[in-house]
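Accompanying notes for the structure given below.
Every number in this text was worked out from the coordinates using simple rules, so none of it is lab data. Since we're looking at a predicted model, the values are computed, not measured. Reconstructed Cβ throughout: ideal geometry from the backbone, glycine too, with neighbour counts over all protein chains shown.
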Amino acid sequence: MTTRSRTSPAEALLATRKVAAQRWRIAVVLTTGMVLVYFGFIALVAFQPALLGTLVTEGLSVGIVLGACVIVAAWILTWSYISWANRVYDPALAALKITHEDAQ
């Protein structure tokens, strides 16, 4: 039989806030990254249209390549969040569930 130590409500609340702060930080970093990529592309469209019109090969311009890169960046940022959530966030939530059960 395993006995768990009792956790006070204050400790449980502190642990919950710590996990929430971690999630907030990763969300801000990933959102900032996507905003920079997207608005960087939009800035190029607005201020350097000739550059984006440059052909890389027949029928393929720099603008099309960079547009595809924006989409790929979104996939990579999404994958990085899912990976982080599976490694860090989900186990932390499972531990919090046990902590909150102990506190009640």
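Which one is right for this structure if Kirkwood radius over Cα pairs in Å is calculated from it: (i) 14.2; (ii) 17.1; (iii) 13.6?
Structure-derived value, by its label: (ii).
Suppose R0 equals 25 Å. What FRET efficiency, 1/(1 + (r/R0)^6) with r the Cβ-Cβ distance, do residue 69 and residue 47 give to the nearest 0.05? Don't skip to the end; give the middle numbers.
Details: r = 18 Å, r/R0 = 0.71.
Calculated value: 0.90.
For a quick check: with amide H placed at 1.01 Å from N, whose amide H comes under 5 Å from residue 61's, ignoring anything fewer than 5 positions away on the same chain?
The answer is 56.
Taking only C-alpha pairs under 8 Å that are 6+ residues apart, what is the relative contact order of the chain in percent?
With pairs under 8 Å counted, the relative contact order is 47 percent.
Apply 1/(1 + (r/R0)^6) to the Cβ-Cβ distance of residue 13 and residue 36, taking R0 = 35 Å, and write down the FRET efficiency to the nearest 0.05.
With R0 = 35 Å, the Cβ-Cβ based efficiency is 0.50.
Residue-wise, which Karplus ³J(HN,Hα) couplings in Hz belong to the range 57-63, taking 6.51 cos²θ - 1.76 cosθ + 1.60, θ = phi - 60°, and x for glycine or proline?
Karplus values, whole Hz, x for Gly and Pro: 8, 3, x, 10, 9, 4, x.
Which angle from 0 to 90°, rounded to the nearest 10, does the C-alpha axis of helix 9-47 make with the longest principal axis of the chain?
Around 0 degrees separate the two axes.
Expressed in nm², what is the orientationally averaged projection area of the convex hull enclosing the Cα positions of the range 17-71?
Over all viewing directions, the range 17-71 projects a mean Cα-hull area of 4.2 nm².
For residue 7, enumerate residues with amide H under 5 Å from its amide H, sequence gap 5+ or separate chain, H modeled in the peptide plane.
For residue 7, the qualifying residues are 103.
I need the calculated FRET efficiency for the pair residue 29 and residue 55, taking r as the beta carbon distance and R₀ as 25 Å, to the nearest 0.05.
On the way: r = 35 Å, r/R0 = 1.41.
Given R0 = 25 Å and the Cβ-Cβ separation, E is 0.10.
Would you mind checking which residues have amide H under 5 Å from residue 48's amide H? H placed 1.01 Å from N; only 5 or more apart, or other chain.
Sorted by chain and number, the residues that satisfy this come to none at all.
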